[in-house]
1. Which of the chymotrypsin sites (Phe, Trp or Tyr not before Pro) found in segment 1-95 are in a DSSP loop and have at most 12 neighbouring Cβ atoms, other than their own, within 10 Å?
2. If you take Rg/Rh (Cα atoms, Kirkwood Rh) from the coordinates, which of (i) 0.98; (ii) 1.06; (iii) 1.24 do you get?
3. For n ≥ 4 DSSP H runs only, could you compute -39500 (n - 2.57) per run for the chain, divide by its residues and tell me the 222 nm figure to the nearest 500?
4. Using a 1.4 Å probe over the heavy atoms of the protein chains, calculate the carbon and sulfur portion of the accessible area of segment 25-141 as a whole percent.
5. Multiplying the sequence separation of residue 124 and residue 39 by 0.36 nm and subtracting their Cα-Cα distance, what value in nm do you get?
6. Can you give me the Cα centroid spacing of segment 54-74 and segment 98-141 in angstrom?
7. Suppose R0 equals 22 Å; then what is the FRET efficiency for residue 58 and residue 30 from their Cβ-Cβ distance, rounded to the nearest 0.05?
8. Calculate the spin-label point distance for residue 22 paired with residue 146, positioning each point 7 Å from the Cα along the beta-carbon direction, and give it in nanometres.
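The values are calculated or read from the model by the stated rules, or taken from the named source; none is laboratory data. Please read all numbers here as calculations on a predicted model, not as lab measurements. Note that each Cβ is placed from the backbone with ideal geometry, even for glycine, and that neighbours are counted across all protein chains shown. Note: areas computed on protein heavy atoms with side chains; ligands, DNA, RNA excluded. Shrake-Rupley method; radii C 1.70, N 1.55, O 1.52, S 1.80 Å.
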Amino acid sequence: MAYRRTARVETRLADNRARILRAARTLVSDGGFRQAQVAAVAAAAGLATGSVYRYFPSKAHLMVELLRSTCAREVEVVQAIAAGDGPAHDRLADALRAFVERALKGDRLAYAIVAEPASAEIEDARQEVKRELSLIFAGLVDDAATAGDVSRQDPNIAGACIVGAMLEGLMGPLARDGADEDDEAVAAGIVAFCLRALGHDKITRGEPANDGHIRAIR
């Protein structure tokens, strides 16, 4: 007769897995992927090192799961904005701004997720996230182009370029861990650049308003 886990066992296993991921997140937030060695994660989670391997076959598997779970929330935020009400150009600007501002608040963790040199497995996971974001922004670009707010263009190429520009623009500020950076100005600059690159005819120069939005100046 096959062994069936009880609800109590399932709960304990799920709790251990969540503890491991929380510990890994804390360590990566403090010192990047290099600091999140399996033994250190196990100690932070209050588990034996061998216990971690019951849930994640290797450090790479653990870090990939951390990246995916962290990025899933960011993708959800962008998707919710994209699917919201309002003019397409506003949703496009708001989605750009939300992603950038949330990344800047993430500091060291965001740098690790976005840019820290890492294993091939982590890089593959990054590419998956980029493709998800590119598809969302492609839809927004298509909507904005249909409304006449940006130039007509291949939305898939434009979506990929937006994601590339956002992430590249974040690398410097994130690498400096927020030192001497004005997050609002960084976010405003990245958003304005992306909108201008798309041929946004309502912005020639973007400046942050008091509410953090880009003010259109003709």
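1. Working: sites: 3, 33, 53, 55; in loops: 3.
Answer in residue order: 3.
2. Computed from the coordinates, Rg/Rh (Cα atoms, Kirkwood Rh) corresponds to (ii).
3. Working: 8 runs with 154 residues, N = 218.
Here the helix-only value at 222 nm equals -24000 deg cm²/dmol.
4. Details: 2720 of 5280 Å².
Accessible surface attributable to carbon and sulfur in segment 25-141 totals 51 percent.
5. On the way: separation 85, 0.36 × 85 = 30.60 nm, distance 2.44 nm.
My answer for the length gained is 28.2 nm.
6. 14 Å
7. Numbers: r = 21 Å, r/R0 = 0.96.
Once the sixth-power term is evaluated, E becomes 0.55.
8. 4.4 nm
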